[in-house]
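Notes to accompany the following structure.
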Amino acid sequence: MASRLRPVDSQRVSRAWEVWRGTGRSLAWWQAQPGLPPAPCRFVAVRLLPPRSDLRARIAVRFEHMMQHGAIEEVEALLAQHLDPALPAMRAHGVPELSAFLRGEIPQEEAIRLAVLATGNIPAGRPLGLRIMHSLNRG
């Protein structure tokens, strides 16, 4: 499996290692196993699309809660480890923005505003993906 993965693809390499470590078998071995027969069920995708204004308001409330319960300290701990900025943990919601604040690049209020904005942009792409899934399921 390792020969099929790009060394810079840290998430896939990490997942392959986790599978091997947890099961004693490579991910390639698991992928080569015969699949299960189709389930005797019909599955339906449900699309929940709250109004964008409601979604953004909830993101802002959630981020404020995170700020009150240790988000700054958590990002400080991450920065103290001098991790590669490309790692998933360093790209998590709010980490880049709070890192910029902690480095003195932007005020805290701006970090919060940018983090809420960035987090709110993630659900923006999901409706497109859901529309594509819906059109595939109809055909």
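Quick notes
- Per-peptide average of other Cβ atoms within 10 Å, ordering 68-75, 112-119, 85-92 highest first: 112-119, 68-75, 85-92
- Cα-centred dipole magnitude for region 58-107, charges only on beta-carbon of K, R (+1) and D, E (-1), debye, nearest 20: 180 debye
- Signed unit charges on C-beta, dipole axis of region 45-95, positive-most listed residue 81, 95, 53: 53
- Heavy-atom accessible surface of region 52-121, averaged per residue, reaches 64 Å², computed with a 1.4 Å probe.
The values are calculated or read from the model by the stated rules, or taken from the named source; none is laboratory data. As the structure is a prediction and not an experimental result, all values here were calculated from the model. All Cβ positions, glycine included, derive from the backbone under ideal geometry; neighbour counts span all protein chains shown. These area figures cover heavy atoms from the full protein model, side chains too; ligands, DNA and RNA do not enter into them. Shrake-Rupley method; radii C 1.70, N 1.55, O 1.52, S 1.80 Å.
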